[in-house]
Amino acid sequence: MLTKQSIIRYITFLLFFATNFLQAQIKLPAVFGNNMVLQQKTLAPIWGKAAPNQIVYVKTSWGAMAKTVAGSDSLWQIKIKTPKAGGPYEIRIQTDGDTVTFTNVMIGEVWICSGQSNMEMPLEGWLPDAPVEGSDEAIKNSTNSNIRFFTVAHSVSDKPEFSFKGSWTESNPETAARFSAAAYFFGKKLYDELKIPIGLIHTSWGGTPIESWISGKYISQIDQYKSIFEKIQNGKGELQALNAWLNAKPIIDVSKREKISRWQNLHFNDSTCSSV
């Protein structure tokens, strides 16, 4: 017969087990994943989280190995020697309690593509008012497993983040159509000349000033931006409220719709909204 005390002990054990299991799990930023490209002939940094003071091993199918120890804050970083361009390879990251394996990894040239709307504009254009000349032909011929895309999703934060939304994909008509046009043609030019894997990390936001990309730690040291930094600090509650409001709203995925009629006949469930 179960007593109240035995039930409490059992629940406590489960909570303790779950907490330790979660702490033991290896966590990495989204930029590390299947289909990724690492820079060739260098010491490529890989970082993440694990249980504090746990040994982290990294082993690759091209023969490079390394290990490090997670700090008391769970953070770790390691540098792995990469060969000349090639692939596909596998990377295995392991601790005593967890293993993460990345497949279809290529070694080549990696570029960050950033800017405003001229870099953000996708290969298919912003329809119907701003198409890209020649995009239909470019999209049709965009299949190339040696060109890989990663798009960093838009997000606002008042503090440094460990990760973000995004994933690596191979170039094909579907992925290239929604990728940065400037970045795509740059990557294609590189591949046509070098004939090696190309990794493109697209992180742009139209209309954003350079100051919004600088951390508070440094922007607050510039006299002309101190008042702006103070406003951001004082507005943390408003930002949290905005994010909560956005997260509570449904998302309409238009990515699979025909590009010309993508924004037509969308159902917003207006009938469920109360009048103002």
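The values are calculated or read from the model by the stated rules, or taken from the named source; none is laboratory data. What you see is a predicted model; the values in this text were computed from it and never measured. Reconstructed Cβ throughout: ideal geometry from the backbone, glycine too, with neighbour counts over all protein chains shown. The area values use the complete protein model at the heavy-atom level, side chains included, leaving out ligands, DNA and RNA. Shrake-Rupley method; radii C 1.70, N 1.55, O 1.52, S 1.80 Å.
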Based on the Cβ-Cβ distance of GLN240 and ALA30, what FRET efficiency does E = 1/(1 + (r/R0)^6) give at R0 = 22 Å, to the nearest 0.05?
-> 0.50
Across segment 125-135, in residue order, what do the Karplus-derived ³J(HN,Hα) couplings come to in whole Hz, using 6.51 cos²θ - 1.76 cosθ + 1.60 with θ = phi - 60° and x for Gly and Pro?
-> x, 9, 7, x, 8, 9, x, 9, 4, x, 5
Considering only protein heavy atoms, what per residue accessible area in square angstrom results for the chain with a 1.4 angstrom probe?
-> 65 Å²
Surrounding net charge for TRP213, when Lys and Arg each add one and Asp and Glu each subtract one, Cβ distance under 14 Å = -3
Within the chain, which complete DSSP H helices have Cα atoms spanning at least 18 Å along the helix axis and a mean Kyte-Doolittle hydropathy of 0.0 or higher?
-> 4-24, 181-194
In the chain, with Lys and Arg counted as +1 and Asp and Glu as -1 at Cβ, which of these residues, LEU123, GLY199, GLN94, has the Cα nearest the positive end of the dipole, that is, farthest along it?
-> GLN94
Whole-percent carbon and sulfur contribution to the accessible surface of segment 84-237 (1.4 Å, no ligands, DNA or RNA) stands at 53 percent
Computed, not fitted: 222 nm per-residue ellipticity of the chain from DSSP H runs ≥ 4 (each -39500 (n - 2.57)), nearest 500, equal to -8000 deg cm²/dmol
Note the per residue figure in Å³ for the convex hull of the C-alpha positions in the chain.
-> 248 Å³
Added length on full extension, which subtracts the Cα-Cα distance from 0.36 nm per residue, LYS249 to LEU127 | 41.5 nm
At the level of C-alpha centres, the distance separating segment 184-212 and segment 140-157, in angstrom, is 9 Å
Counting Lys +1, Arg +1, Asp -1, Glu -1, what net charge surrounds ILE93 among other residues with beta carbon under 12 Å of its beta carbon?
-> +3
Note, PHE229: beta-carbon cut-off 14 Å, +1 each Lys/Arg, -1 each Asp/Glu, net +1
Report the relative contact order of the chain, percent, no decimals, based on alpha-carbon pairs under 8 angstrom and at least 6 residues apart.
-> 17 percent
Rounded if a/c is under 1.5, else prolate if a/b is larger than b/c, else oblate: which is segment 89-248, with a ≥ b ≥ c the root eigenvalues of its Cα gyration tensor?
-> oblate
